[in-house]
Each structure stands twice: as structure tokens, then as C-alpha cells.
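First up is the structure itself, then whatever we jot down about it.
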Amino acid sequence: MPVSVLVLVALVVVCLSANGAAAQQASGVAATYNLYSPEKINWDLHGASVFCATWDADMPLAWRQRYGWTAFCGPAGAHARVVDQCGNGGLDLDAAVFQQIDTNGGGAANGHLVVDYEFVGCQD
């Protein structure tokens with residue numbers, strides 16, 4: 001699975017690495033949050049035990065910290081790098097990314113946001 005990145009407006013744009021998949025997008029996707037806390041673990045993909053660590057753990061620190069992290073589980077402005085996979089049929093955003101688009105706190109109160117996302121190039 002290639003690493004990717006996402007943009008949210010309650011829109012999430014997913015940035016694909018050079019070996020990324022074809023462009024995808026979806027609307028009305030559930031987005032939850034996960035406590036990856038990359039800044040606390042120095043953006044260590046192995047330390048986070050994420051799926052993409054096999055491929056991307058040795059990428060430069062600047063590359064790993066360029067975007068917030070999210071898990072891509074299926075099909076307002078934030079970018080997030082896809083570093084993990086999940087089984088909830090939506091997105092599992094790092095808490096910091098989730099908070100960027102949860103402007104009124106309603107997502108935290110409900111336990112999820114409904115977002116649209118689109119894969120984009122990472123420009124890495």
C-alpha cells in the first residue's frame with residue numbers, strides 16, 4: 001500500500017507518493033480520530049506501528065512531518081499523509097488533523113465528522 005496524503009474541508013485531500021494509486025475521491029465519508037501523536041514520537045512510523053512503516057519509515061524526517069497523519073479505510077482545509085489502514089470504512093485522522101476541520105467541536109461531540117476527500121499528489 002503506497003503512502004498518501006489527504007485535504008479536508010470537511011474535504012480531505014489525500015496525497016499519494018510517487019508510486020501511488022489512481023486518483024480517488026468520495027463524499028459523505030465518516031472520519032474519526034486516532035491518537036498517532038507523531039510529534040511525541042518524533043514522527044517515527046515504526047514507533048506508531050503503522051502499516052506504511054514497511055515502506056516509508058526511512059523517509060527523511062521533513063517528509064514524515066510535512067503533513068498530519070491519517071489511516072485510509074476505504075474510499076476545510078487540511079492535508080494529511082496516509083500512514084495506516086483501518087477497517088471502519090472511512091478515515092481515521094490523527095487528532096490534530098481532526099481538530100483542524102472540526103471547527104465547531106461538533107465532530108468531537110459526535111465522535112466523528114462526515115467529510116469528502118480527494119487523493120492528490122504529495123509534491124514530495
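The values are calculated or read from the model by the stated rules, or taken from the named source; none is laboratory data. Quick caveat: nothing in here was measured; it's all calculated off a predicted structure. Glycine also receives a Cβ, built like all others from the backbone with ideal geometry; neighbour counts cover every protein chain displayed.
Sort out which residues of the range 47-68 are assigned to a helix (DSSP H, G or I), over 20 Å from Ala95 (Cα atoms) and of a type in the set (D, E, K, R), and write them in order of number.
Within the range 47-68, just Asp56 meets the criteria.
Could you look through the range 77-122, keep only residues that are in a strand (DSSP E or B) and among the aromatic types (Phe, Trp, Tyr), and pick out the one that is modelled with the highest pLDDT?
Filtering the range 77-122 for residues that are in a strand (DSSP E or B) and among the aromatic types (Phe, Trp, Tyr), the one modelled with the highest pLDDT comes out as Tyr117.
Hey, can you tell me all the residues within the range 34-46 that are of a type outside the set (Gly, Ala, Ser) and either exposed (fewer than 14 other Cβ atoms within 10 Å of the Cβ) or not in a helix (DSSP H, G or I) (or both)?
Within the range 34-46, Asn34, Leu35, Tyr36, Glu39, Lys40, Ile41, Asn42, Trp43, Asp44, Leu45, His46 meet the criteria.
Out of Ala31, Ala22, which single residue is modelled with pLDDT under 85, buried (at least 20 other Cβ atoms within 10 Å of the Cβ) and closer than 20 Å to Asp116 by Cα?
Ala31
Six or more apart or on different chains, Cβ atoms under 7 Å: show the pairs whose first residue is in the range 38-62 and at positive phi and whose second is of a type in the set (Gly, Ala, Ser).
none
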